[in-house]
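The values are calculated or read from the model by the stated rules, or taken from the named source; none is laboratory data. Everything numeric here is computed off the predicted structure, so don't read it as measured data. Because the Cβ atoms are built from the backbone with ideal geometry, glycine has one as well, and the counts that use them run over all protein chains shown.
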Amino acid sequence: MGVLSGIRIVEFEAIGPAPFGTMLLADMGADVIRIERPVANGDLGPKFDAPRIDITGRNRRSVTLDLKCAKCVEVALELIESADVLIEGLRPGAMERLGLGPEQALARNPKLVYGRMTGWGQHGPLAQRAGHDINYIALSGVLSAIGQAGERPLVPLNLVGDYGGGGMLLAMGVLAALMNVQRGGAGQVVDAAMTEGAAQLGATFFGLVANGNWSEQRGSNLLDGGTPWYDTYRTRDGQYMAIGPVESRFYGELLATLGLDAASLPAQHDRAGWPTLREAFTGALLSRTRDEWSAVFAETDACVAPVLGFAEAAVHPHNQARGSFIEVDGVVQPAPAPRFLGTPSAHPRAAVARGGQGGEALRDWGFDEAAIERLRQAGLGFH
């Protein structure tokens, strides 16, 4: 099921953004075989025991293969011949050294979309350097804008580089390249770099800086907590509410619902009066608990919402009504998104053990029993 039903993907084992991007495609119905390293049970720690609590690894089937073995590389190329997409997240040059780079893969499958996920990109002075999300978003300019005034930059989990600027960018690039192939174009390489994806997420702010409407001093602008009416506030029970009534009519609803008199306060956009507004909001929101304020604001357009933890988000009435979270083998996790009303995504399957359902996948991909046994003898592991 799903809008990508019939699309076959070979995914080479990686961490972080590449599996996330592949998850998005698998959730949409793509048939994914993940090629994983053969390891002794427990060599990579408990998280690799079956069943994995590896949400980004859902909706895959798995085979194991030692890619340092020449005959095993030939096995991988056989799988690539049958695929529409290849996804890898290794350091630049690693796949080439294995004999599985774009030149070798596209020679075997000219219509292949070869998706590559890295932090710095496939070339450039930093291409061979190690890094993580925090480093990539630092170089993109985006990290500099996140945090409170006068404080150090605040780490936004690894959402901006790894996932928003990485895995989602990769998935979008793969889909665009697939469309090009389906229109008669050739296969090609998709070079997705987290530094560039993070910078793209910041496109609006580069524009605001250019026209003088954004200060590069953290915590002094509209969307970075600089305004008193776009921030989080503590409630009586030590929880938090998020407020964001940018438009004047919504701001008026905020004041009325908080019981504040607009006539006695500075104007919304009077920067000199912002400390007074912040003090008023702080005092008002401390008068009730988070859940009490949630009930008060539930029927308003004041742009106010409770700050929920992960477990709380899954049971919020709105998320439950939408089915935004689901349970897979006892693990609560985000449901596939976006939604396709004509070709809905299937309920996800949990991540499998190494080699899990690999034989089944090979049969579905058109390998007969003799070919499957030949691949097994050549080093392919599955069960």
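In table form, for the structure just shown:
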item	result
Residue in segment 197-211 that is more than 27 Å from the chain's Cα centre (by Cα), closer than 22 Å to GLU279 by Cα and either surrounded by 19 or more Cβ atoms within 10 Å (Cβ to Cβ) or not small (Gly, Ala, Ser) (or both) present	no
In segment 264-300, the residues that are assigned to a helix (DSSP H, G or I), among the basic types (Lys, Arg) and within 30 Å of ALA313 (Cβ to Cβ)	ARG278, ARG290
Which numbered condition HIS318 fails, given (1) surrounded by fewer than 16 Cβ atoms within 10 Å (Cβ to Cβ); (2) in a loop (DSSP other than H, G, I, E, B)	(2)
Top-ranked residue in segment 144-171 [being assigned to a loop (DSSP other than H, G, I, E, B) and hydrophobic (A, V, I, L, M, F, W, C); ranked as farthest from ASN221 (Cα to Cα)]	LEU157
Considering residues of segment 142-178 that are more than 9 Å from the chain's Cα centre (by Cα) and of a type in the set (Val, Ile, Thr) only, the residue farthest from ILE87 (Cα to Cα)	ILE146
Meets criteria (more than 28 Å from ALA171 (Cβ to Cβ) and either surrounded by 14 or more Cβ atoms within 10 Å (Cβ to Cβ) or touching a residue at least 12 places away in the same chain (Cβ under 8 Å) (or both)) for THR300	yes
Matching option when the condition is at pLDDT 95 or above, within 30 Å of ALA284 (Cβ to Cβ) and either in the same structural domain as HIS132 (by TED's automatic domain parsing) or assigned to a loop (DSSP other than H, G, I, E, B) (or both), among VAL190, VAL181, VAL174, VAL246	VAL246
Residue in segment 329-343 that is touching a helix residue (DSSP H, G or I) at 6+ places or on another chain (Cβ under 7 Å), aliphatic (A, V, I, L, M) and in a loop (DSSP other than H, G, I, E, B) present	no
Every residue from segment 351-381 that is under 14 Å from VAL32 (Cβ atoms) and surrounded by 13 or more Cβ atoms within 10 Å (Cβ to Cβ)	ALA351, VAL352, GLY356, GLN357, GLY358, ALA361, LEU362, ASP364, TRP365
Contacts under 7 angstrom Cβ, first residue in segment 210-238 being in a loop (DSSP other than H, G, I, E, B), partner among the basic types (Lys, Arg), 6 or more apart	ASP224/ARG218; PRO228/ARG278; THR235/ARG288; THR235/ARG290; ARG236/ARG288; ASP237/ARG290
Any chance LEU265 is over 30 Å from LEU79 (Cα atoms) and surrounded by 15 or more Cβ atoms within 10 Å (Cβ to Cβ)	yes
Answer from ALA335, ALA378, ALA351 - the residue that is closer than 20 Å to ASP27 by Cα and in contact with a Lys or Arg (Cβ under 6 Å, 6 or more places away or on another chain)	ALA351
Set VAL39, VAL63, VAL32: member being over 20 Å from the mean Cα position of the chain (by Cα) and either buried (at least 24 other Cβ atoms within 10 Å of the Cβ) or modelled with pLDDT of 95 or more (or both)	VAL63
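Results for (1) of a type in the set (Gly, Ala, Ser); (2) in a loop (DSSP other than H, G, I, E, B); (3) at pLDDT below 95; (4) under 19 Å from VAL160 (Cα atoms), shown as yes or no for each residue.
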| residue | (1), (2), (3), (4) |
| --- | --- |
| GLN104 | no, no, no, no |
| ARG116 | no, no, no, yes |
| GLN128 | no, yes, no, no |
| ILE134 | no, no, no, yes |
